Every structure is written in structure tokens, then in C-alpha cells.
Amino acid sequence: MGNSSTFSRRSMLNSMEVENLPVVERALAVWPSLLIYMEAVRTKKVPNPGTGSCDTIAAAIKDPLILAKLHFYMAIARTFTPILKRYQADEPVMPFLGRDLAEFLKSTKGERTALEFRTECAQGLSNMVLKGQEKSPLKYPVARQWRVWTPLLCAETQTVAGDR
């Protein structure tokens, strides 16, 4: 790990301010290595450091959506980084804030529209599944019991009734 460019001390100390995009990019880059390390900790091949960071990584590994969340966060960071960099400057930029924010909001309108469409699609799909569950004959025991007459099931076992 000492010779790794991903973990180089120089790359971490070049900036005094926290930048969201490089942090999430680095997290995604080291994720496979973190999985290997945490598996070694779990199997006691290496000692558990017992730190809060290790506990945080262990909790994140249990989240099946962690990679999707990190990629979403990276997309948000990429969207906001240009305007944040411009306004985290030592020069007087406050007079341009109104104009820049208006341009920023206009530039994100297409993304917002696409996100709203995806949200509506997900909601529509969810509604269809719920309606299907409400109207499904599978909620009645007799419909579930009819499955023993499925030809493939009958062919797989010679005594379907005996197995049930």
C-alpha cells in the first residue's frame, strides 16, 4: 500500500479544501480493495483495527445499493463542482452569483426533466405491480394449489402428491 498511487500521501495533501468529486472517485477506485480487506478482517486473516472508519466500511458493505449510491453522489458532485469551485475562490465573484446560478439552473433543467420522467416511470411500474398483486388469483389458496397440475412439475417428480 505504501507505493500505491491511489493512497499516495502527496495526492491527499495537495488541496486544503475538501473536494467531493475526487473523494467519491477515490472511494469507487479503492472499493474492490476494501472488499478484499474487509473479507480478510471477517475471516480473521488480518486483525480488526476496531476504528470507526472500519465500522463505517463494514456497514456500507452490507448495503446492497452502496455502489449505486456512490455513483449517484458522483453524478451530483460532477454537476455542482464547477459552480462550487468558482465560488470557493479568493477573488470577488459575488456580483456574478445571480447570473451564474440562473445559468446553472437552466443547464440542469434537462437533467431534472429526465429525472422526473424516471421517477414517474418507477411510480407507474410500482402502481402496476401493486394492482397486479391486488387482482392476482395467487392470493387465493385454490389458485396456489392448482400448481401441482403443472405438466413440468408432474414430469419432474413421480409422486407429486406424496411430496406435498
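No lab work stands behind these numbers, since they all come straight from the coordinates. This is a predicted model, so every value here is computed, not measured. Glycine gets a Cβ as well: all are built from the backbone with ideal geometry, and neighbour counts include every protein chain shown.
Tabulated values for the structure
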quantity: Listed residue (Ala60, Gln88, Ile76) projecting farthest to the positive dipole end of segment 13-93, Cβ model; calculated: Ala60
quantity: Rounded, prolate or oblate (a/c below 1.5 giving rounded, otherwise prolate when a/b exceeds b/c) for segment 35-164 by Cα gyration tensor; calculated: oblate
quantity: Candidate lysines - alpha carbon under 28 Å from Lys62, same-chain residues fewer than 8 apart omitted; calculated: Lys44, Lys45
